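Below you'll find the structure, written out as structure tokens, and then a few comments.
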Amino acid sequence: MQTVCCVCQKTKSQSGWIQKQPRKETRVSHGYCPDCFHSTMERAQGWLLAQNAGQTGIMALGR
Ligand SMILES: [Zn+2]
């Protein structure tokens, strides 16, 4: 079974992550390559920070 990055579609191979479409008959599992994992985590953190900032803003307005 091959692992394909669901963001950049890179395929995990023995030599690392390469830009290559898996063969049709190959069973694939979707995941994240290290690059996209990092950028996704950074985006998630930014989103969480924005959420916290928004909540603080609403609380400040309520007072
Ligand atoms: Zn990727």
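Quick note: the coordinates plus some simple rules give every number you see, no bench work behind them. All of these numbers come straight from a predicted model, not from anything done at the bench. Cβ sites come from the backbone with ideal geometry, for glycine too, and all protein chains shown count toward neighbours.
Annotation note: Cβ proximity below 8 Å between a residue of the stretch 1-28 that is part of a loop (DSSP other than H, G, I, E, B) and a residue that is β-branched (V, I, T) and within 13 Å of the ligand (Cβ to nearest atom) (sequence gap 6+ or interchain) occurs for V7/T40; K10/V4; K10/I18; Q19/T11; K20/T11; Q21/T11; P22/V4; P22/T11.
Within the stretch 11-31, which residues are within 13 Å of the ligand (Cβ to nearest atom) and over 18 Å from M41 (Cα atoms)?
Result: T11, K12, G16, W17, I18, Q19, K20.
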